[in-house]
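These notes are about the structure you will find just below.
The values are calculated or read from the model by the stated rules, or taken from the named source; none is laboratory data. Everything numeric here is computed off the predicted structure, so don't read it as measured data. Using ideal geometry, Cβ is built from the backbone for each residue, glycine included, and neighbour counts are taken over all protein chains shown.
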Amino acid sequence: MPLSLRIILMVSSLLSLIFVVRRLKKVQVQLYDTVFWIMLAVIFVVLSIFPQIAISLAGLLGVQSPVNLVYLIIIFFLLAHCFLQSLRFSRLEDQFKTHVGEDALKKMDDDKEN
C-alpha cells in the first residue's frame, strides 16, 4: 500500500473518529450510528498503521492489490450501513403509519362523543 494512501487513510480516519465522538458528546448522533462509524474508523486506522494486514488479506482473498481491498471494504461497509438504515427507516415508517391510524381512530371516537 503506497505511503501516500496510508497517510490519507490515517488522517481521514482519525478526523472522522474525532468528528463522530464530538457529535456523540453533543448528542447529535444516535449511539447505534456512532458505534458503526467508530468501528469503521478504527478499522481504517489499524489498516493504515499495519498495511501487512491489508496485504495478507488481499492475497488471501485474491484481490489484485491492497488498495483495491481497502476500497472494497469501504464499499461493503457503506452498503451494509445503507441497508441497515433502510431497515430502520422502514420500521419507523410502519410505526408512523400505525400511530397515524390510531390517532385517526381516537379523533373519530372523540368526534362521536361530542
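From the list L79, L40, L57, the lone residue that is under 18 Å from the mean Cα position of the chain (by Cα), of a type in the set (A, V, I, L, M), at pLDDT 90 or above and within 30 Å of L3 (Cα to Cα) is L79.
What number of residues within the stretch 1-15 are of a type outside the set (V, I, T) and under 23 Å from G59 (Cα atoms)? Number satisfying all stated conditions: 8. Within the stretch 50-71, residues that are closer than 20 Å to L40 by Cα reach partners that are basic (K, R) with beta carbons closer than 9 Å, at six or more positions or on different chains, in the pairs P51/R6. L17 fulfils the conditions (1) outside any helix (DSSP H, G or I); (2) surrounded by 12 or more Cβ atoms within 10 Å (Cβ to Cβ) except for a single criterion, (1).
Of the residues in the stretch 70-77, none is surrounded by fewer than 10 Cβ atoms within 10 Å (Cβ to Cβ) and part of a helix (DSSP H, G or I). For the stretch 3-31, a tally of residues being out of contact with any Pro (no Cβ under 7 Å at 6 or more places or on another chain), touching a residue at least 24 places away in the same chain (Cβ under 8 Å) and not hydrophobic (A, V, I, L, M, F, W, C) returns 3.
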